[in-house]
Amino acid sequence: MSSRTFFFRSEYSVKDMYERIYAPDFISVFKEYANSLDEDDTENVEANKSNCYTGLSQAYQLDIDRLHTVIRPVFDEYGRKGDRMNIKLYRSKAAPLTVTDEIRSRINSLINRNITEIDSFNPNLKYDLFIEEVAYREAYLDFKFRIEDSIIVHEPVPIREINAEYVEARYYFGSGIIALFNPNGTARQSKDLVKVIYLLFIPYDPKIEEVLLDEAQLIMIQLRLKGLVSSPRYRSDDDLRFIIHGLNEINYENPLVKSIQSNDSLTISELNTTCVVEGHRVNLKISEDGKLIIDTFVLPDVLDRIILDIEWVVLSEKYYKDMSTQIEALYKKISPAALPSHRTKRVAAIKDDLSRVVNEYRGKPMDHREIKLVSTVIFNIGCLLNDEKKTLPDEYLQTSSSNYSDLCAYYTNYFTVIKRMNRSKGETIARKTVQILQYLAAQSTGDAVDLIGQYEHLQKDE
């Protein structure tokens, strides 16, 4: 039986407290017990956390209750509360669900009932499933599930035993994100559970999807957390399908890496970032399949803070649409018989214009990945400006678009072909669009997070 927990931690065992007290603090309080292990030569015993703990246990004759009483005050003063975080994210595809009196009554009526035997759920489970505990909060709802599966133990005589595992989930009302803590379960099991959560609110057609994050979103989350990245994991986008950690000199000598024409053929699939969240310095691993891992002990409010940034990024996904795909699609529509190399040159020229827009107003150098992110955001804002059906105010148009002819040409074609404007109007709107992009880049000094904020503020002002 697994007793691992995250959202429903209420008590700490002696072992839990021992693990969560840092060695220097544990030794400083209990160092006298290290000497009790060697009565013949006590002066030469070097105190460490292990022998202090062993001596303490022997002194209280392995009485767990007394040990708990002795260690608890030390843990309260020095110990790190919480648990290791290993979370998989899902999201409701329907509108964010809320707890009405009717839903609360339905959930409470199901506590400790076997969900597998209730026809209205019927998720074809291969195990028995129980809602063991529920906690109602203002911004989220916590569930603790118990999964029971019978196994046959053959020795000394065959007997059927019940194996129980626990899974916890937090459902965030604002975004519909479900954070699942399933330390020993399978992916199939996790998907079953999030469907059950959905059916508690709407008893038909469960609409749940995994939270998947592309490279731009991973970088944006890291920027919002103000984290420092180490050894990101890259994945190739071609038929080779290989993975490397970090792009350093050694990896550049890898024959597989050499076979790829440019960095753009490698995308970040996982970030390891060191950041400070809710006063805790943590090493957060966040991957494209929506997994969040912290190997140190943290409280759930650390996850809540990270979720705020993930919500912001997920709800802002319109800013991260891949620009190369959009540019190639437009020019393929305009000239379907043109050579692919011609479209590739167009993409490169437009990216060059975008990079110059970014770097002109950036106070510090950016690496390849951050330039790519900011350029992508600026590019998509340019496509959104006209979608808002608002006139761009003249006071923001103090810049010149003459140095960005390739970018102007793209937006002219975009407004003409996609938005079906006449050519003359499309050219005028395209020049204004590039001027607004320059203004936003200047106001944000090329910061991707601030850039989106500046654009959204501009829309409100209008």
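The values are calculated or read from the model by the stated rules, or taken from the named source; none is laboratory data. Remember, predicted model here, so these are calculated numbers, not experimental data. Every residue, glycine as well, gets a Cβ built from its backbone with ideal geometry; the counts of neighbours run over all protein chains shown. Side chains included, ligands, DNA and RNA excluded: accessible areas come from the protein's heavy atoms. Shrake-Rupley method; radii C 1.70, N 1.55, O 1.52, S 1.80 Å.
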Subject >> Among residues of the stretch 106-123, those that are outside any strand (DSSP E or B), under 32 Å from the mean Cα position of the chain (by Cα) and surrounded by 11 or more Cβ atoms within 10 Å (Cβ to Cβ), counted >> reply: 9
**OP:** Restrict the check to the stretch 180-191 and report whether at least one residue is open to solvent by 50 Å² or more (accessible area, probe 1.4 Å), of a type outside the set (Val, Ile, Thr) and in a strand (DSSP E or B).
**Re:** no
Original post:
Which one is least open to solvent (accessible area, probe 1.4 Å), of the residues in the stretch 303-326 that are touching a Ser or Thr at 6+ places or on another chain (Cβ under 9 Å) and outside any helix (DSSP H, G or I)?
Top reply: Tyr320
Original post:
Somewhere in the stretch 171-184, is a residue at pLDDT below 90 and farther than 21 Å from Glu278 by Cβ?
Top reply: yes
Original post:
List the pairs whose first member sits in the stretch 401-425 and is buried (at least 16 other Cβ atoms within 10 Å of the Cβ), whose second member is in a loop (DSSP other than H, G, I, E, B) and not basic (Lys, Arg), and whose Cβ atoms are under 7 Å apart, counting only residues at least 6 apart or on separate chains?
Top reply: Cys408/Ser401; Phe415/Met421
Original post:
If you scan the stretch 124-139, which residues turn out to be farther than 16 Å from Arg104 by Cβ and assigned to a loop (DSSP other than H, G, I, E, B)?
Top reply: Asn124, Leu125, Lys126, Tyr127
Original post:
Of all residues in the stretch 330-358, how many are open to solvent by 90 Å² or more (accessible area, probe 1.4 Å) and among the aliphatic types (A, V, I, L, M)?
Top reply: 2
Original post:
Just checking, how many residues over the stretch 327-381 are under 18 Å from Cys408 (Cβ atoms) and either small (Gly, Ala, Ser) or free of Cβ contacts under 8 Å to residues at least 12 places away in the same chain (or both)?
Top reply: 5
Original post:
Among the residues of the stretch 253-268, is there at least one that is aliphatic (A, V, I, L, M), at pLDDT 85 or above, under 17 Å from the mean Cα position of the chain (by Cα) and surrounded by 15 or more Cβ atoms within 10 Å (Cβ to Cβ)?
Top reply: no
**OP:** For the stretch 88-132, enumerate the residues that are closer than 15 Å to Lys144 by Cβ and in contact (Cβ under 8 Å) with a residue 24 or more places away in the chain.
**Re:** Ile107, Asn108, Leu110, Ile115, Leu129, Ile131, Glu132
Original post:
within 30 Å of Ile162 (Cα to Cα), surrounded by fewer than 16 Cβ atoms within 10 Å (Cβ to Cβ) and at pLDDT below 90 - does that describe any residue in the stretch 26-42?
Top reply: no
Original post:
Which of the residues spanning the stretch 199-228 are open to solvent by 10 Å² or more (accessible area, probe 1.4 Å), over 16 Å from Asp289 (Cα atoms) and assigned to a helix (DSSP H, G or I)?
Top reply: Leu199, Phe201, Leu223, Arg224
**OP:** Being within 27 Å of the chain's Cα centre (by Cα) and at pLDDT below 95 narrows it down to one of Glu165, Glu102, Glu148, Glu155, so name that one.
**Re:** Glu165
**OP:** Give the stretch 154-179 a look and list any residue that's open to solvent by less than 30 Å² (accessible area, probe 1.4 Å) and within 14 Å of Tyr127 (Cβ to Cβ), or say none.
**Re:** Ala164, Val167
Subject >> Leu97 vs. criteria buried (at least 17 other Cβ atoms within 10 Å of the Cβ), within 22 Å of Pro300 (Cα to Cα) and in contact with a Phe, Trp or Tyr (Cβ under 6 Å, 6 or more places away or on another chain) >> reply: yes
Original post:
How many residues, within the stretch 140-179, are outside any loop (DSSP other than H, G, I, E, B) and under 19 Å from Tyr90 (Cα atoms)?
Top reply: 16
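Considering only the stretch 279-302, I want to know if a residue exists there that is in a helix (DSSP H, G or I), farther than 17 Å from Gln217 by Cβ, open to solvent by less than 50 Å² (accessible area, probe 1.4 Å) and at pLDDT 85 or above. Give the steps one after another, and end with the answer.
First pass over the stretch 279-302, keeping only residues in a helix (DSSP H, G or I): 300-302.
Filter again for farther than 17 Å from Gln217 by Cβ, leaving 300-302.
Restricting the remaining residues to those that are open to solvent by less than 50 Å² (accessible area, probe 1.4 Å) gives 300, 302.
With the extra rule that they be at pLDDT 85 or above, the set shrinks to 300, 302.
Yes, some residue in the stretch 279-302 is in a helix (DSSP H, G or I), farther than 17 Å from Gln217 by Cβ, open to solvent by less than 50 Å² (accessible area, probe 1.4 Å) and at pLDDT 85 or above.
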Original post:
What is the residue count in the stretch 149-208 for residues that are touching a Phe, Trp or Tyr at 6+ places or on another chain (Cβ under 7 Å) and of a type in the set (Asp, Glu)?
Top reply: 2
**OP:** Report yes if some residue within the stretch 427-443 is free of Cβ contacts under 8 Å to residues at least 40 places away in the same chain, under 15 Å from Val377 (Cβ atoms) and surrounded by 17 or more Cβ atoms within 10 Å (Cβ to Cβ); otherwise report no.
**Re:** yes
